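Q: Got a structure here, written out as structure tokens. Questions coming.
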Amino acid sequence: MNRANQMNEYELEELKYQQKIISSLSNKLGILDITAGKKVIRNNKNFRTNEKDIEYSWLVNITHSLIESCWIFSIKFKESNFRDIKNSEELIQGIFTVNKDGAMNEFYLESRSEDFQDRVKNFTEYDMFEANPGFALDGVRYKYLIFAPNTQIKISLNNPNSEKWKQWEHEIKNMGLYLIEKSKLTYLKSIFPYIGKNLKFPHKTVATFILNISKHLKLSDEKNLKIHFGYLWY
């Protein structure tokens, strides 16, 4: 299998994994999915009990190699009515972790019925072509998923170091640390000191790093290694 096929396989596996995570979050929130639009809510007998309207949502996965990984999210609901139920305008934000199968582990959520300021959503000054022009192995990886009306966006970032993305990172770090304190998931703090670090390595060091990781994880063959670390392979 050539490198292009290996990367395609990795990306498909990653997409399936993200879909499982989104499904886990949706189930936790009691809605069908987190994309923008009206969402029917049903009880365990499959009777429709409510209907909510999502204005937008976003999720960010924050990962540092061999340390920890977590997701933070924000979902904005519009004011809406269903039969005699009045759903108030609401912004929910939270933090969670998942296992290797995409199932929910720790989960924390808080809700606001006023003051709907969302600093991550409101930050729109991205430099889409200069996040990090160099070669960055270590540091922090991000998966940024955005859902808005008629819009779904996925952005992957490896240790971004451009000015605008550093500003975005600052907002992610502030929100993440706030949610960690509120949720008491203090072990996740180990991720955040690395945000903003620009650690670069020559290719020889990359090869050594991957070899050492494969031994640590006891990956049995090259295929599995490249699935786990496809984003690093060159």
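Rule-based calculations on the coordinates, nothing more; no lab input. All values derive from a computational prediction rather than experimental measurement. In this analysis, Cβ positions are derived from the backbone assuming ideal geometry, glycine residues included, and neighbour counts consider all displayed protein chains.
Q: Is it the case, given these coordinates, that Ser162 is over 17 Å from Ile34 (Cα atoms) and touching an Asp or Glu at 6+ places or on another chain (Cβ under 8 Å)?
A: Here the answer is yes, as Ser162 does meet what is asked.
Q: Here is a further query. Could you run through region 25-34 and say how many residues are in a loop (DSSP other than H, G, I, E, B) and over 23 Å from Arg141 (Cα atoms)?
A: 4
Q: Could you pull out every one of the strands (runs of 3 or more DSSP E) wholly within region 74-127 that has 3 or more residues that are among the aliphatic types (A, V, I, L, M) and crowded, with 16+ Cβ neighbours inside 10 Å?
A: Counting at least 3 such residues, we get 90-98.
Q: Among (1) over 30 Å from Val140 (Cβ atoms); (2) within 13 Å of the chain's Cα centre (by Cα), where does Gln19 come up short?
A: Against the list (1) over 30 Å from Val140 (Cβ atoms); (2) within 13 Å of the chain's Cα centre (by Cα), Gln19 comes up short only on (1).
Q: How do the pairs read when you match residues in region 165-185 that are part of a helix (DSSP H, G or I) with residues anywhere that are hydroxyl-bearing (Ser, Thr, Tyr), using Cβ under 6 Å and keeping only pairs 6 or more apart or on different chains?
A: From region 165-185, the pairs are Ser183/Tyr108.
Q: Another one. Take the residues in region 35-63 that are surrounded by 15 or more Cβ atoms within 10 Å (Cβ to Cβ) and not in a strand (DSSP E or B), then tell me which one is nearest to the chain's Cα centre (by Cα).
A: Taking the candidates together, the pick is Thr35.
Q: Still on this structure, please answer the following. Of all residues being of a type in the set (A, V, I, L, M, F, W, C) and surrounded by fewer than 17 Cβ atoms within 10 Å (Cβ to Cβ) in region 8-34, which is farthest from Ser69 (Cα to Cα)? Just the residue, please.
A: My answer is Leu32.
Listed here are the residues, each with its yes/no results for (1) closer than 28 Å to Glu169 by Cα; (2) not aliphatic (A, V, I, L, M).
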{"site": "Leu15", "(1), (2)": "yes, no"}
{"site": "Ser24", "(1), (2)": "yes, yes"}
{"site": "Ile62", "(1), (2)": "yes, no"}
{"site": "Glu68", "(1), (2)": "yes, yes"}
{"site": "Phe73", "(1), (2)": "yes, yes"}
{"site": "Ser88", "(1), (2)": "no, yes"}
{"site": "Leu91", "(1), (2)": "yes, no"}
{"site": "Asn99", "(1), (2)": "yes, yes"}
